[in-house]
1. List, please: which pairs have Cβ atoms under 7 Å, are six or more places apart or on different chains, and start with a residue in region A:1-26 that is more than 16 Å from A:ASP207 (Cβ to Cβ) and end with one that is β-branched (Val, Ile, Thr) and in a strand (DSSP E or B)?
2. Among the residues of region A:105-115, write down those that are facing chain C (nearest Cβ under 9 Å) and outside any helix (DSSP H, G or I).
3. Please find, among A:GLY56, A:GLY37, A:GLY79, the residue that is within 17 Å of the chain's Cα centre (by Cα) and on the phi > 0 side of the Ramachandran plot.
4. For region A:46-91: of the residues being within 9 Å of another protein chain (Cβ to nearest Cβ) and hydroxyl-bearing (Ser, Thr, Tyr), which is surrounded by the most Cβ atoms within 10 Å (Cβ to Cβ)?
5. Out of all the residues in region C:22-35, is one or more in a loop (DSSP other than H, G, I, E, B), within 11 Å of chain B (Cβ to nearest Cβ) and surrounded by 16 or more Cβ atoms within 10 Å (Cβ to Cβ)?
6. For region B:40-89, name all the residues that are under 16 Å from B:ALA120 (Cβ atoms), aliphatic (A, V, I, L, M) and more than 10 Å from chain C (Cβ to nearest Cβ).
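The values are calculated or read from the model by the stated rules, or taken from the named source; none is laboratory data. This is a predicted model, so every value here is computed, not measured. Here Cβ is always computed from backbone atoms with ideal geometry, including for glycine, and neighbour counts include all displayed protein chains.
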Amino acid sequence: MNVEIADLTRRFGRNQAVAGVDLQAGPGVFGLLGPNGAGKTTLLRMMATVIPPTAGRLRLLDRDPGAYGPRREIRRRLGYLPQNLGYYPGFTVVEFVEYFALLKEMPAARVPAAVAAAVERVDLGGRARAKLRTLSGGMLRRVGIAQAIVNEPELLLLDEPTAGLDPEQRVAFRALLRDLGQRATVVVSTHLVEDVGAACSEVALMDAGKIVFQGTPAELTARGTEQGTGDAPLERGYTAVLAAARS
Amino acid sequence: MDDDELVARIAAGDDTALRELFGRHASWLAVRLRSMLPAADVEDVLQETFLAAWRGACGYRPHGACGGWLWGIARRQAALLLRRRGPADQAAAVLSAGQAADPPDLTPGADPAEIALARAELAAAVAALGPDGSPEREVWRLMYEQDRPVAEVAELLGVPPGTVKSRAHRARRLLRAALHVAEGGTR
Amino acid sequence: MNGLRDDGPPDVDLSRVWTSVAAQVWRRRPGWLERTATRLLRSPGLARALLTTPSLLLPWLIASIVVLAAGAAATLNSGQPMVALLAPAVAAAAIAYSYGPGIDPAWELSCSMAVSDRMVLLVRALAVFAVNAAFGLAASAVSAALGSPAHSATAAASGAAAAVTFGWLIPMTAVCGFALAVATLARSANAGAAAGVAAWLITVLSGRVASGHFAAAVTDTVLFLPYLAIGAVCAAVALFATRIPRGTYR
């Protein structure tokens, strides 16, 4: 089990962004669905050790992120793509990915090959030495994915990774996810329901800080047979579960 | 964009041009090297070849024979690899590259690595004549490998001598073309 | 990976070959400064983070040198210790701009890195302070050396001259600490810079009002202990404020 979460809570002032979440995840691709404001990003940020939980138990890669030493070990094996990733406009693609490879304390000798592999894997080999300010939004998103995978993480956290990618790139990205999910735990937070159906082996649906559904995409689809609205079966399951949770 | 322009851009430091060149040429270089070396060595030699191309692109004079230039670099890198390996591996390479029936003709002082390569090149070029049993291959085998006169070859194959001569002519032409690539001529 | 390279022999992995070629072609070779920093800090990531500090980049350094050189020239012309008055403000702005949120677009990501953002801030702040102190000292020494006849006439004891030439380091510590504390509390480098410069301006002006000359803020030795105390308190505040990394939102 790479992720073990028990009754996790996070408050900002009076607002409970995450209100008692239980989650267990091993290797594979794990989808996190939910409307805006459901708490997905906050949950992901806690898993990325960016913010500490207010209450509850969090164990990542068999370590406790509350202590400095284990947290550093977790972060060396972590890949994180935030929802809004800013870029250093004067850096090139390779320089950007290399910068974060170094900050993840990868052994310096392995960095050039790892950076080259990551850049090629997101299909930016033809723009490797282009400045980031010359890239489109979708390409910048792929640069973000490259820095997340450069250290071959055991825990990969992606917040809205397909924003700005065209359909062909999304297909390639899902194939990449499946490949990464063979060895690592990949958690993908998205509000695009179809991304989840294609790539994830397990799905959790969040609403108002709680998990209201956890299971396989097929099980989510099954929930939507009568009640849900939507064009695709998975969407119908999504809306059905949300409606039931709110009633 | 043709190959010469690509190499010019590589000389100017454009890494995307090197990537494009790799895309065009790595496969056939790999195939040719694979007939001489094991797979892991092929990867090493290819890597060194393209790095050498990256560093040495300014020395390339455009004459439409980029493939030959690359193959020349690859040969040298393969020879370097074999030399680094040592005499035992070189002997093995010589024996495996040559045909089993031929006696090794190591003249004293000859570089086993170079010989291994030369033999492998020749074998590859002969393979370019066509599959075993094709007309040009048969003529080549009988006339040049077994050194028989035209009349005898004509009788063995059951065709008129004129046909034997024209097939031999075609075989020489094909062989010249195949070996020319190896020596840096037009592709 | 595009399909340009999957038609070679089946047991030869051409994409792996290209990756090893690209690794050498694309690699960045760090300069001597970065290599030295790596050895000193024992961390290539920390060294790179240090050398990409906005207030340690060439444009900023040049601007600082220009401002201090102008200060030195003004000192020679007017007799007012302009360098001493300018240096703390320049340093305060520089230190505020070594802090992440507001100026570091990838701040959220930096908070998830093994090289912790607090470590980066500490190293950056110290380096910025040291560089600005060095610049200020150089400008001060130059103006003192060039203008020494005037100084020895007005300042009886060399102690007074020394106080003007070097004493501003102490208020500079306080102002820098204040700028950094505000920056970390407000989570904005701009706020920190503005606060630091404003606080220094107020200090200088109130010194003028209280004792009649601008240089009172740097030469009045009574103030030294309060300055250091303020610096220490502000450093503690900054340390506390960075205990939990905060993002740019929530």
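1. A:ASN2/A:THR185; A:VAL3/A:THR185; A:ILE5/A:VAL21; A:GLN24/A:VAL3; A:ALA25/A:VAL3; A:ALA25/A:THR185; A:ALA25/A:VAL187; A:GLY26/A:THR185
2. A:GLU105, A:MET106
3. A:GLY37
4. A:TYR80
5. The answer is no, given that none of the residues of region C:22-35 is in a loop (DSSP other than H, G, I, E, B), within 11 Å of chain B (Cβ to nearest Cβ) and surrounded by 16 or more Cβ atoms within 10 Å (Cβ to Cβ).
6. B:ALA74, B:ALA78, B:ALA79, B:LEU80, B:LEU81, B:LEU82
Quick grid of which residues meet (1) of a type in the set (Asp, Glu); (2) in contact (Cβ under 8 Å) with a residue 40 or more places away in the chain; (3) under 14 Å from A:PRO153 (Cα atoms):
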{"site": "A:LEU58", "(1), (2), (3)": "no, yes, no"}
{"site": "A:ALA67", "(1), (2), (3)": "no, no, no"}
{"site": "A:PRO70", "(1), (2), (3)": "no, no, no"}
{"site": "A:GLY79", "(1), (2), (3)": "no, yes, yes"}
{"site": "A:GLN83", "(1), (2), (3)": "no, yes, no"}
{"site": "A:LEU103", "(1), (2), (3)": "no, no, yes"}
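The rows are residues; the columns are (1) more than 18 Å from C:VAL67 (Cα to Cα); (2) at pLDDT below 85.
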position	(1), (2)
C:ALA125	yes, no
C:VAL131	no, no
C:PRO149	yes, yes
C:SER152	yes, yes
C:ALA157	yes, yes
C:THR165	no, yes
C:TRP200	no, no
C:LEU223	yes, yes
